[in-house]
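Right, one structure below, let's go through it.
Computed from the coordinates by the stated procedures, all read-outs in this text should not be read as laboratory data. None of the values given here were measured: they were computed from a predicted structure. Cβ coordinates were reconstructed from backbone atoms using ideal geometry, including for glycine residues, and neighbour counts include every protein chain displayed.
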Amino acid sequence: MAVVLRLQRIGKRTQPHYRIVAIDKASGPHGEPLEIIGHYDPKAGKDKQKVAINTEKFGRWVKNGAKPSETVGSLIKRAQKAEKAAAAQQPEKK
């Protein structure tokens, strides 16, 4: 069973919203995912609000051989960049 990490569209026609899922490659676009890893909202204002990914689940699936799609790979990079920028903006607590 080949597992891929890809987007699965949900939401209304004019309000797209996507789930980032681990799914069998042979499943269709509306197939049952093995696990939901995160969400992507293209209409949100900031990158931090657009992409929400559980990095532990993502890392576990990649470690076990799942291949992310091109889009999911770019969304992961975007989420990591936004996370680093948010961490840099917060002052250190003493």
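Condition first: surrounded by 13 or more Cβ atoms within 10 Å (Cβ to Cβ) and among the hydroxyl-bearing types (Ser, Thr, Tyr). Now tell me which residues in region 52-92 satisfy that.
THR55, SER69, THR71
Just the residues that are loosely packed, with under 14 Cβ neighbours inside 10 Å, within 19 Å of GLU83 (Cβ to Cβ) and touching a residue at least 12 places away in the same chain (Cβ under 8 Å), please, taken from region 33-51.
PRO42, LYS46 - these are the residues of region 33-51 that are loosely packed, with under 14 Cβ neighbours inside 10 Å, within 19 Å of GLU83 (Cβ to Cβ) and touching a residue at least 12 places away in the same chain (Cβ under 8 Å).
Those residues that are over 13 Å from ALA79 (Cα atoms), in contact (Cβ under 8 Å) with a residue 12 or more places away in the chain and part of a helix (DSSP H, G or I), I need them from region 52-68; list them, please. Write out each step before concluding.
From region 52-68, those over 13 Å from ALA79 (Cα atoms) are 56-57, 59-68; that's our starting set.
Right, trim to in contact (Cβ under 8 Å) with a residue 12 or more places away in the chain and you get 57, 61-62, 64-68.
LYS57, TRP61, VAL62, listed by residue number.
Kindly indicate which of VAL51, VAL62, VAL21 is under 15 Å from VAL4 (Cβ atoms) and under 10 Å from the mean Cα position of the chain (by Cα). Step through it out loud before you land on a result.
Details: VAL51 fails: under 15 Å from VAL4 (Cβ atoms); VAL62 fails: under 10 Å from the mean Cα position of the chain (by Cα).
Every option except VAL21 fails the conditions.
Would you list the strands (runs of 3 or more DSSP E) that sit entirely within region 1-48 and hold 2 or more residues that are in contact with a Gly (Cβ under 7 Å, 6 or more places away or on another chain)? Don't jump to the end; show me each part of the working.
Working: elements: 3-11, 16-24, 35-40.
The qualifying strands (runs of 3 or more DSSP E) are 16-24.
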